[in-house]
Amino acid sequence: MTGLKRLFPFRKRCGLCHKKASGMRKYVSDTGRVIHVCPQCAGYAERRAFRKL
């Protein structure tokens, strides 16, 4: 397991669905907080009017 963590160190959790995915996109919420969003939740983030970085 530790070998896999070294191979994929930059996998973060989605701010909306909390899944680990690759290809995260950065959005800014209304409060100014940066949120990482997976590609499946990107449409929902844009409908909620999050600003894309």
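Starting from the Cα-Cα distance between Arg11 and Arg47, subtract it from 0.36 nm times their residue separation and give me the gain in nm to one decimal. Walk me through the numbers on the way to the answer.
Values: separation 36, 0.36 × 36 = 12.96 nm, distance 2.44 nm.
So the chain would gain 10.5 nm between Arg11 and Arg47.
Between Val28 and Gln40, what length in nm is gained on full extension when 0.36 nm per residue of separation is reduced by their alpha carbon distance? It would help to have the intermediate numbers written out before the result.
Numbers: separation 12, 0.36 × 12 = 4.32 nm, distance 1.71 nm.
Taking Val28 through Gln40 to full extension adds about 2.6 nm, to one decimal.
Can you tally the net charge around Ser22? Count Lys and Arg as +1, Asp and Glu as -1, for every other residue whose Cβ sits under 10 Å from the Cβ of Ser22. Intermediate results must be reported in sequence, preceding the final value.
Details: positive: Arg11, Lys12, Lys20; negative: none.
After counting each charged neighbour, the total is +3.
Values quoted throughout were computed directly from the atomic coordinates according to the rules given, and no laboratory measurement underlies them. Model, not experiment: these values are computed from the prediction. Note that we place each Cβ from the backbone using ideal geometry, even for glycine, and neighbour counts take in every protein chain shown.
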